[in-house]
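Step one of this worksheet: look at the structure below.
The values are calculated or read from the model by the stated rules, or taken from the named source; none is laboratory data. A quick note: this is a predicted structure, and the numbers were derived from the prediction, not measured. Virtual Cβ from ideal backbone geometry, glycine too; neighbours counted across all protein chains shown. Quick note on the areas: whole protein, heavy atoms, side chains included, nothing else; ligands and nucleic acids left out. Shrake-Rupley method; radii C 1.70, N 1.55, O 1.52, S 1.80 Å.
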Amino acid sequence: MSATVLTASALLLDMDGTLVNSDAVVERCWRRWALKHGLDPEAALKVVHGRQGYATMAVLLPDRPVEENYADNRVLLAEETADVDGVVPVGGAPAFMAAIAGLPHALVTSADSALATARMTAAALPMPAVRVTAEQVGASKPDPEGFLKGAAELGFGPADCIVFEDSEAGIAAGRAARMRVVGVGPRAAALSPDAHVEDLTQIRVETAEDGTIRLHISAA
């Protein structure tokens, strides 16, 4: 089995679709929202992943006042936070998080703090000490702000960081931040990340004597 080895000083981790499989909740909540607004649920689901809710709404309802999107987003966040039915870890996530526990890493998610806590808890995954949630950024992915903030908080430059992402918006944000990207799961396969895995079981983490993180990525 062939393997790719990537080296970095820090890892920046998306949550939904990357560490936590929350697709069941996301689809339930967004289908309801789309139907309520007379939209095709399948079309809506093609753009929801990776973005903050208000940004998704701006794509789907471009003529609607932004204030209405923010108000709707607050309601949707509350619904998603209360619904953890079917939220599970992505394959290999528990072992992966254990392997990087002592290494520089941050959660960079479009979820707010309450939603991130609910989903990481439901998936029984440890919450990283450093995290950038929706409240801490002025622009949603695909804007690179979240990843750049995460890198800065860890004390590393973009070139020293590797992003883990599953969505088109997230991978675009990682690229805009000038970081290398490991794509996770089926959504990422067609988006030409620097490396792609079906899940986190394909990654083995090793630390060099100088603290460099070595990611051994097995072919699917």
Taking the range 164-215 on its own, how many of its residues are at pLDDT 95 or above, among the hydrophobic types (A, V, I, L, M, F, W, C) and within 20 Å of Ile100 (Cα to Cα)? 12
Residue that is outside any helix (DSSP H, G or I) and more than 14 Å from the chain's Cα centre (by Cα), where the choices are Leu39, Leu11, Leu45: Leu39
Within the range 128-141, residues in contact (Cβ under 8 Å) with a residue 12 or more places away in the chain and open to solvent by less than 60 Å² (accessible area, probe 1.4 Å) come out as Pro128, Val130, Val132, Thr133, Ala134, Val137, Ser140, Lys141
Flagged in the range 54-70 as surrounded by 13 or more Cβ atoms within 10 Å (Cβ to Cβ), assigned to a helix (DSSP H, G or I) and without any contact (Cβ under 8 Å) to a residue 40 or more places away in the chain, in numbering order, are Thr56, Met57, Ala58, Val59, Leu60, Asn69, Tyr70
For the range 195-211, which positions are closer than 16 Å to Val5 by Cα and open to solvent by 80 Å² or more (accessible area, probe 1.4 Å)? Thr201, Arg204
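Of all residues in the range 33-50, count the ones that are within 22 Å of Gly170 (Cβ to Cβ) and open to solvent by 70 Å² or more (accessible area, probe 1.4 Å).
Final tally of qualifying residues: 2.
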Tally the residues that are part of a helix (DSSP H, G or I), within 16 Å of Val181 (Cβ to Cβ) and open to solvent by 50 Å² or more (accessible area, probe 1.4 Å), restricting the search to the range 146-157. 1
Quick one: what pairs do we get from the range 81-110, first residue among the charged types (D, E, K, R), second surrounded by 16 or more Cβ atoms within 10 Å (Cβ to Cβ), C-beta under 8 Å, 6+ apart or different chains? Asp83/Val25; Asp83/Cys29; Asp85/Val25
Would you mind finding the one in Pro65, Pro104, Pro94, Pro89 that is of a type outside the set (A, V, I, L, M, F, W, C) and farther than 25 Å from Gly183 by Cα? Pro65
In the range 83-123, anything open to solvent by 20 Å² or more (accessible area, probe 1.4 Å), assigned to a helix (DSSP H, G or I) and aliphatic (A, V, I, L, M) is listed as Ala95, Ala98, Ala99, Ala114, Ala118, Ala122
Does Glu80 count as of a type outside the set (Ser, Thr, Tyr) and either loosely packed, with under 13 Cβ neighbours inside 10 Å or in a strand (DSSP E or B) (or both)? no
Failed item in (1) open to solvent by 30 Å² or more (accessible area, probe 1.4 Å); (2) under 19 Å from Pro144 (Cβ atoms), with Ala190 passing the rest: (2)
For the range 163-174, does any single residue satisfy the condition of being crowded, with 17+ Cβ neighbours inside 10 Å, in contact (Cβ under 8 Å) with a residue 24 or more places away in the chain and over 13 Å from the mean Cα position of the chain (by Cα)? no
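Could you tell me whether any residue of the range 3-13 is of a type in the set (Val, Ile, Thr) and more than 30 Å from Ala219 (Cα to Cα)? Before you say what the answer is, go through the steps one by one.
Restricting attention to the range 3-13, the residues satisfying the condition of being of a type in the set (Val, Ile, Thr) are 4-5, 7.
After this cut, where a residue has to be more than 30 Å from Ala219 (Cα to Cα) as well, the list is none.
No, every residue in the range 3-13 fails to be of a type in the set (Val, Ile, Thr) and more than 30 Å from Ala219 (Cα to Cα).
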